[in-house]
Amino acid sequence: MNIIRDIAKVSGANTVSLITGIINGFIVPAFLSLEQYAYLKTFALYLSLAGILHFGYIDGIYIKYGGKFSHEINPAILKCEKSFLILFQLTIAIVIIIIGIIVKDLIIIALAMALLPHNLLAFYQLFYQSIGHFNIYSRIRLIIPALIMLLNILLIYVFRMENYLFYIAAEIFVYLVTVQYLELKYSFRIKQIKIRSHIKFIIDHFRVGIFIMAGNLAMILFFTLGRWVVKLFMTDIDFAYYSFAVSMMQIITIVISSIALTFYPYLSRIHKSGNLSRLKRQLILIGAFFSISYFIFNLIIHWVIPKYDSAVKIIGILFASFPAYAVINALYINMYKVQKKARKYLLTVFLNLIIACLFVAIALLLRKNTISVAIATTFAFYFWFYYSSKDFADLAISVREILFIFLYVSSYFVAVLCFSPLWALLIFGSALTLLILSLYRSDATELISKVIKALDLK
């Protein structure tokens, strides 16, 4: 299995996701009012918790099939597993609809409508990811953002819809269409297979997956903590600015996530601890490289949607966390799963969530604004980067890593705070290049050569 080629394959789909993410990330907030955009991002925040409402069932399936090949899978059991998921999620959705009607909250009702297709898509994506079928996974990643982008363009430039509910409805519609596409194209292979009752497997999925789900809940809260704090304790305008900053960050994390998603089957099949330290160093370099995008976004925001200039400082702070984010998302989390350390994963994520809450609480006591929340969030990423390094062989923090991170963060914030965006881009880009050549020349050279080879550009 060629890890770089699989990354390139998934990144091909995520290139489309990146382009559509950039378009959606700019045209929607540029068109909607700050209040309507805040409501739309509230739905996105609620939807981020939808993945826990299968209570670890899909995670159990992911762990079960991780590293296996398609011919090793019993289609009758797989069909049973999917059918149970559909019934289970329909039940949960009905409960949420009732709650939404009682509290008269349209966003909660919309969440219920999105739940089944959203989690069915999660089932398909995690299943094909776990067995290494990244071509199918890539198609899913292509369809969703492309259709959402097209519908958003229609809503904005043709119908001139200024109400956030239309954009939520468009997103749910895309989920439904994509699920139907997958059902027609890929489920036909097991359509004629009779469902066999496998209650033991279903219980096992919950038993194994509940720890992963609890860890995922804590991880989701960790990654969305800043937005929840701003949503609960600040104004809708503040939430709109902070959500916009996070949307800019998510454009880049699409690429980082494409790397993370290919690592699980790779690490499951080729678990050689001697390779881990090199992977970690290269992920640090990838994260550092993508932080350069802040300066480009700064220019675009100033020229295209100046009403979000207040979000630029938040973006600048959050983007400094990319090296830590890349290692956490692509390496640490996957290694907990590969080594079947579900309980350790759970404890680690909850501990880091508690630490993040403490950082944010201190930040709010010192100064109650979005900047302080962003600073606390960035500190939390680097704490996790340090904390989990002790859990795996060959991943201990080295003096060279400490030196690189210190010089990287220092040069980044000097560029952010002291220079105009264009000059900052040139100065930080040059400083980062010198830093990489001084400390990680061989790792950078190897990474670049592998990517070029995988993309058939050599």
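Values quoted throughout were computed directly from the atomic coordinates according to the rules given, and no laboratory measurement underlies them. Here the structure is a predicted model, which is why all the values come from computation and not from measurement. Note that each Cβ is placed from the backbone with ideal geometry, even for glycine, and that neighbours are counted across all protein chains shown.
Data for the structure
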quantity: Which label in (i) 21.8, 67; (ii) 22.5, 72; (iii) 29.7, 99 gives the computed Rg and Dmax of the Cα atoms in Å; calculated: (i)
quantity: Additional length obtainable on full extension of the chain from Ile102 to Lys341, 0.36 nm per residue less Cα span; calculated: 82.0 nm
quantity: Peptides ranked, highest mean first, by Cβ atoms within 10 Å: ranges 234-241, 201-208, 152-159; calculated: 234-241, 201-208, 152-159
quantity: Helical contribution to [θ] at 222 nm, DSSP H n ≥ 4, -39,500 (n - 2.57), averaged over the chain, rounded to 500; calculated: -27000 deg cm²/dmol
quantity: Gained length - Ile237 relative to Ala393, 0.36 nm times residue gap less alpha-carbon distance; calculated: 51.6 nm
quantity: Sorted peptide list for 348-360, 322-334, 287-299, criterion being average Cβ within 10 angstrom, highest first; calculated: 322-334, 287-299, 348-360
quantity: Out-of-range pairs (alpha-carbon distance over 28 Å; input Lys104/Lys344; Lys64/Lys280; Lys231/Lys307; Lys41/Lys185); calculated: Lys104/Lys344; Lys41/Lys185
quantity: Estimated vicinal HN-Hα couplings, Hz - the stretch 36-48 in sequence order (Karplus 6.51, -1.76, 1.60; Gly, Pro = x); calculated: 5, 5, 4, 5, 4, 6, 5, 4, 4, 5, 4, 5, 4
quantity: Burial ordering of Met213, Met161, Met248, fewest other beta-carbon atoms within 10 Å first; calculated: Met161, Met213, Met248
quantity: For peptides 91-98, 27-34, sequence by mean Cβ density within 10 Å, most packed first; calculated: 27-34, 91-98
